[in-house]
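What follows is one structure encoded as structure tokens, with my remarks underneath.
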Amino acid sequence: MNNTSSNILQILADLPDFLRKQMLQNRLKEFYEMHDEEKSDLINMALVAAPKIDPDKLSILFRTWLELLSEFDAEKRGLMFQTYCRQILKKPCIIAKFDFKSLTDVFVSLTQLQRERLTDSLHEVLLGLPNSNKMLKVIPEYSLKAVGLK
């Protein structure tokens, strides 16, 4: 399944911008209708697949995902970040191969409004985690600074 997930993410990244946005937006809407276990499985697959994708392609996909996510309401953004955090906390090594520098650079390149919406939701989720320190330890300082956590 991991190879399939990588292939799906690679194909999404290769799509023209308008198609990629439309498909990702539909997937995000579907995500919010899933049961918790399905959400967790999907996020886990994405976390495993992401490092296997060409970093430039992943940056394109990540940017689109962040732009779309910033358009959802705070509750939905929080749910997304909470699901990611839970999966990462279950298996912190899952993000060891991530190129945090390029992903952080994508985040920094967003508009101020997009960054504020995303960081507000992320901060709220992290404050609500009983083990947020464990989460913060697996994220490089450069990235923590970019989202106002250092």
All conditions in (1) touching a residue at least 12 places away in the same chain (Cβ under 8 Å); (2) farther than 22 Å from residue 6 by Cα are true of residue 99 except (2)
Of the residues in region 9-18, those that are part of a helix (DSSP H, G or I) and in contact with a helix residue (DSSP H, G or I) (Cβ under 8 Å, 6 or more places away or on another chain) come to 9, 10, 12, 13, 14, 17
Picked from region 133-150 (must be free of Cβ contacts under 8 Å to residues at least 12 places away in the same chain and either assigned to a loop (DSSP other than H, G, I, E, B) or not basic (Lys, Arg) (or both)), the residue surrounded by the fewest Cβ atoms within 10 Å (Cβ to Cβ) is 133
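Coordinate-derived values only; no laboratory data. The structure presented is a predicted model; accordingly, all values stated were derived computationally and were not measured. Note that each Cβ is placed from the backbone with ideal geometry, even for glycine, and that neighbours are counted across all protein chains shown.
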